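Working notes for the structure below.
The values are calculated or read from the model by the stated rules, or taken from the named source; none is laboratory data. Here the structure is a predicted model, which is why all the values come from computation and not from measurement. Positions of Cβ are generated from backbone atoms using ideal geometry, with glycine treated the same way; all protein chains shown enter the neighbour counts.
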């Protein structure tokens, strides 16, 4: 079965939008989803970027863009009560699940955060949401402080960085990287055999010499 890897962190509204769309893509092409929780802050740090919340004009755009996209799709949008929030408890909770449970839980957490305005950094909220998808929330929440689970989020993030990820949502299909929920249409075309990257041209463009550098 063909596989798609999805690197996600609930901090991004675009991850929520991706979770809304990806089931249709999986069903259409009979794909296996490898859902991998990563720490967005770790991706930013590795590439020396500031997050949207640290750039007021960019944050204003992201909120405006999210509101417009939700309106176009007919989705309810409330957004989390604070932002940025600590995503680690929710990411670790997902990593404590098996692959099928992880997908079900991640979808529920994304919707709860962005559609219902729930604070998914709170333990009681996470327990309730896990229970809602048929998991034992109290039992599962005990695992988020497990050193192995903590380490796995770190390793997931390093794996994503190694693949070239610099933000979320990031999708890997074969050796192709797609960034952003709005690239799911391109992934659809890729699996139809209608889209490919000219690797020779890519290498030529990537290795061209620099003519000027930005001075800070």
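Hey, can you tell me all the residues within region 142-171 that are over 21 Å from the mean Cα position of the chain (by Cα), assigned to a helix (DSSP H, G or I) and surrounded by 13 or more Cβ atoms within 10 Å (Cβ to Cβ)?
143
Any idea which of (1) within 18 Å of the chain's Cα centre (by Cα); (2) crowded, with 16+ Cβ neighbours inside 10 Å; (3) touching a residue at least 24 places away in the same chain (Cβ under 8 Å) is the one residue 112 doesn't satisfy?
With respect to (1) within 18 Å of the chain's Cα centre (by Cα); (2) crowded, with 16+ Cβ neighbours inside 10 Å; (3) touching a residue at least 24 places away in the same chain (Cβ under 8 Å), residue 112 is out only on (3).
Could you go through region 116-125 and let me know if any residue there is buried (at least 20 other Cβ atoms within 10 Å of the Cβ), part of a helix (DSSP H, G or I) and in contact (Cβ under 8 Å) with a residue 24 or more places away in the chain.
no
Do the conditions hold for residue 91, that is, is it touching a strand residue (DSSP E or B) at 6+ places or on another chain (Cβ under 6 Å), within 22 Å of residue 17 (Cβ to Cβ) and assigned to a helix (DSSP H, G or I)? Full working, then the answer.
Values: touching a strand residue (DSSP E or B) at 6+ places or on another chain (Cβ under 6 Å): yes; within 22 Å of residue 17 (Cβ to Cβ): yes; assigned to a helix (DSSP H, G or I): yes.
Taking the combined requirement at face value, the residue satisfies it.
Give the number of residues within region 79-97 that are more than 12 Å from residue 10 (Cβ to Cβ) and surrounded by fewer than 15 Cβ atoms within 10 Å (Cβ to Cβ). Before you say what the answer is, go through the steps one by one.
So the first thing to find is which residues in region 79-97 are more than 12 Å from residue 10 (Cβ to Cβ), and the list is 81-82, 95-97.
Still in the list and also surrounded by fewer than 15 Cβ atoms within 10 Å (Cβ to Cβ): 81-82.
Residues meeting the conditions: 2.
Looking at the structure I just gave you, is residue 93 modelled with pLDDT of 95 or more, touching a helix residue (DSSP H, G or I) at 6+ places or on another chain (Cβ under 7 Å) and farther than 15 Å from residue 170 by Cβ?
Working: modelled with pLDDT of 95 or more: yes; touching a helix residue (DSSP H, G or I) at 6+ places or on another chain (Cβ under 7 Å): yes; farther than 15 Å from residue 170 by Cβ: yes.
So residue 93 passes the test.
Kindly provide the set of residues from region 41-60 that are free of Cβ contacts under 8 Å to residues at least 40 places away in the same chain, surrounded by 11 or more Cβ atoms within 10 Å (Cβ to Cβ) and over 15 Å from residue 84 (Cα atoms), ordered by number.
45
When you go through 59, 72, 77 one by one, which is the residue that is in a helix (DSSP H, G or I) and either touching a helix residue (DSSP H, G or I) at 6+ places or on another chain (Cβ under 7 Å) or within 27 Å of residue 153 (Cβ to Cβ) (or both)? Give the steps one after another, and end with the answer.
Working: 72 fails: either touching a helix residue (DSSP H, G or I) at 6+ places or on another chain (Cβ under 7 Å) or within 27 Å of residue 153 (Cβ to Cβ) (or both); 77 fails: in a helix (DSSP H, G or I).
Selected residue: 59, the only one of 59, 72, 77 that is in a helix (DSSP H, G or I) and either touching a helix residue (DSSP H, G or I) at 6+ places or on another chain (Cβ under 7 Å) or within 27 Å of residue 153 (Cβ to Cβ) (or both).
Looking at region 104-115 only, could you name the residues that are within 19 Å of residue 13 (Cβ to Cβ) and in a helix (DSSP H, G or I)? Walk me through how you get there before you give the answer.
Going through region 104-115, the residues within 19 Å of residue 13 (Cβ to Cβ) turn out to be 105-115.
Residues satisfying the conditions are 105, 106, 107, 108, 109, 110, 111, 112, 113, 114.
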